[in-house]
Amino acid sequence: MGNETVVVAETVGSIKVAVAVCLLRGQNVLLGRRRSSLGDSTFSLPSGHLEFGESFQECAVRELKEETGLDIDKIELLTVTNNLFLDEAKPSQYVAVFMRAVLADPCQEPHNIEPEFCDGWGWYEWDNLPKPLFWPLEKVVQDGFNPFPTLDSC
Ligand code: IPR
Ligand code: MG
């Protein structure tokens, strides 16, 4: 890495990869209100940083367990977005990997395992999402993203 690159990395932070999970139950999706310097008080999917050596699916399973206590199943990759947070004290860039999943046991309920990072979890209809949404989620919603499987037409 050249000296200029090192200086830039120290000033603006590094590029990170995060996995966000659309956990589907009926027509609802699980959201929690963030307690974080990034997107404080906005509604967000369960999400977190990809750790070294993890697959996207493994990261989704781990983050759901850590943040909600839930076990998930049928984990699929949906889309990837590139998110620049330029207004932060230390600007950052996140590649957000959006997955979808369902509950391994449909009777399970989410628990707020990390109350320092989240006000609590709730189920919300996709067509009536709460506001404000965490910006990476708001952006895909505005672009027409829908995590629910479509019925095959033939
Ligand atoms: P952690 O790993 O703290 O759960 O990360 P997060 O919930 O802040 O995830 C970052 C999400 C991306 C999309 C900015
Ligand atoms: Mg998180």
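The values are calculated or read from the model by the stated rules, or taken from the named source; none is laboratory data. The structure presented is a predicted model; accordingly, all values stated were derived computationally and were not measured. Every residue, glycine among them, receives a Cβ derived from its backbone with ideal geometry; neighbour counts consider all protein chains shown. Heads up: the accessible areas ignore ligands, DNA and RNA and are worked out on the full protein's heavy atoms, side chains in. Shrake-Rupley method; radii C 1.70, N 1.55, O 1.52, S 1.80 Å.
With respect to Asn146, is the statement that it is more than 12 Å from ligand 1 (Cβ to nearest atom), free of Cβ contacts under 8 Å to residues at least 60 places away in the same chain and not hydroxyl-bearing (Ser, Thr, Tyr) true? Give the derivation first.
Values: more than 12 Å from ligand 1 (Cβ to nearest atom): yes; free of Cβ contacts under 8 Å to residues at least 60 places away in the same chain: yes; not hydroxyl-bearing (Ser, Thr, Tyr): yes.
So Asn146 passes the test.
Report, by residue number, each residue of segment 32-60 that is open to solvent by less than 50 Å² (accessible area, probe 1.4 Å) and away from ligand 2 (no atom under 12 Å from the Cβ). Step through it out loud before you land on a result.
Restricting attention to segment 32-60, the residues satisfying the condition of being open to solvent by less than 50 Å² (accessible area, probe 1.4 Å) are 32, 34, 36, 38-39, 41-48, 54-55, 59-60.
Ser41, Thr42, Phe43, Glu54, Ser55 - these are the residues of segment 32-60 that are open to solvent by less than 50 Å² (accessible area, probe 1.4 Å) and away from ligand 2 (no atom under 12 Å from the Cβ).
Kindly provide the set of residues from segment 102-128 that are of a type outside the set (Phe, Trp, Tyr) and within 16 Å of ligand 1 (Cβ to nearest atom), ordered by number. Show your work before the answer.
Step one: of segment 102-128, the residues of a type outside the set (Phe, Trp, Tyr) are 102-116, 118-120, 122, 125, 127-128.
Across segment 102-128, the qualifying residues are Pro110, His111, Asn112, Ile113, Glu114, Pro115, Glu116, Cys118, Asp119, Gly120.
Only residues that are in contact with a Leu (Cβ under 7 Å, 6 or more places away or on another chain) and in contact (Cβ under 8 Å) with a residue 40 or more places away in the chain: list them for segment 105-128, please. Steps first, answer last, please.
Restricting attention to segment 105-128, the residues satisfying the condition of being in contact with a Leu (Cβ under 7 Å, 6 or more places away or on another chain) are 108, 110, 121-124.
Correct list: Pro110, Trp121, Gly122, Trp123, Tyr124.
Look through segment 90-101, keep the residues that are at pLDDT 95 or above and of a type in the set (Gly, Ala, Ser), and return whichever of them is nearest to ligand 1 (Cβ to nearest atom).
Going through the qualifying residues, I end up with Ala96.
When you go through Val140, Val102, Val95 one by one, which is the residue that is in contact (Cβ under 8 Å) with a residue 24 or more places away in the chain, out of contact with any helix residue (DSSP H, G or I) (no Cβ under 9 Å at 6 or more places or on another chain) and either open to solvent by less than 30 Å² (accessible area, probe 1.4 Å) or on the phi > 0 side of the Ramachandran plot (or both)?
Numbers: Val102 fails: either open to solvent by less than 30 Å² (accessible area, probe 1.4 Å) or on the phi > 0 side of the Ramachandran plot (or both); Val95 fails: either open to solvent by less than 30 Å² (accessible area, probe 1.4 Å) or on the phi > 0 side of the Ramachandran plot (or both).
Within the list Val140, Val102, Val95, the selection yields Val140.
Could you check segment 69-92 and list, in sequence order, the residues that are open to solvent by less than 40 Å² (accessible area, probe 1.4 Å) and touching a strand residue (DSSP E or B) at 6+ places or on another chain (Cβ under 7 Å)? Let's see the steps before the verdict.
If we filter segment 69-92 for residues that are open to solvent by less than 40 Å² (accessible area, probe 1.4 Å), which is where we start, we get 69-70, 72, 75, 81, 83, 85, 91-92.
Correct list: Leu70, Ile72, Ile75, Thr81, Asn83, Phe85, Pro91, Ser92.
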